[in-house]
């Protein structure tokens, strides 16, 4: 379960270029729910994810995960409870380490218990099984340094690493945006399989309106650091891409008329 309670963040406060990034943002996801976040550039999507992960300190408000207020919890402690996959395939992995070493690192980082730090036979078999689900041949490249992988392979590895620890919350930060269409589809399908199999509470930011229509339980539109629209249930099931795009147009027209 995720709750964002009246989150507010202002950059350059009191200066000429003051920017309100989050303006009393309120958002909630039930346990196992998959929310898809859309919005124009500058709407507050990245600030929201950074606030959830702990990379951004709020001026006021709260972030609650499974009933625990984590607002003051540092990034490294939150990393034991949540996982994040970034748009840039280079950000989620260690380039100079092998595929297997990266997966071990992710496992050790996310597990609250003390683990035996070694690439034993059992672990390697588990890693092979997980990677084989992608259909990219990574299960046969456990000893390959990650810097030698393609961007799509590296992003796919980031996803497997993120879900491997069964986090309480999965954050997807435009994680298919930098990939070619075929690889993006592979990663997205792998995402859905993992989310559904593990019943992960998931928040995905995307500019892909087709993904917003096809995936998740609800669509949330941000604008100027607030939730402007939320669609779920039957309404979401019947929503089309042109209708979603139309909400952007209506918002822009109203802002223009108001000015």
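Which of the following residues is over 22 Å from residue 78 (Cβ atoms), in contact (Cβ under 8 Å) with a residue 24 or more places away in the chain and in a helix (DSSP H, G or I): 135, 152?
One residue alone meets the criteria, 152.
Taking the range 144-153, which residues are touching a helix residue (DSSP H, G or I) at 6+ places or on another chain (Cβ under 7 Å) and under 20 Å from residue 119 (Cα atoms)?
Across the range 144-153, the qualifying residues are 144, 146.
Out of all the residues in the range 30-52, which are surrounded by fewer than 20 Cβ atoms within 10 Å (Cβ to Cβ) and either in contact (Cβ under 8 Å) with a residue 24 or more places away in the chain or at positive phi (or both)?
Within the range 30-52, 30, 31, 32, 33, 40, 42, 46 qualify.
Which condition from (1) in contact with a strand residue (DSSP E or B) (Cβ under 7 Å, 6 or more places away or on another chain); (2) at pLDDT 90 or above is the one that residue 247 breaks?
So residue 247 meets the others, but not (2).
Being under 25 Å from residue 52 (Cα atoms) and either in contact (Cβ under 8 Å) with a residue 40 or more places away in the chain or surrounded by fewer than 16 Cβ atoms within 10 Å (Cβ to Cβ) (or both) is the requirement here; does residue 224 meet it?
When the stated conditions are applied, residue 224 passes them.
Within the range 192-209, restricting attention to residues that are assigned to a helix (DSSP H, G or I) and in contact with a helix residue (DSSP H, G or I) (Cβ under 6 Å, 6 or more places away or on another chain), which residue is farthest from residue 41 (Cα to Cα)?
Applying the filter and picking the extreme gives 194.
The values are calculated or read from the model by the stated rules, or taken from the named source; none is laboratory data. This structure is a prediction, so every number in the text was calculated from the model and none was measured. Here the Cβ is made from the backbone with ideal geometry for all residues, glycine too, and neighbour counts use every protein chain on show.
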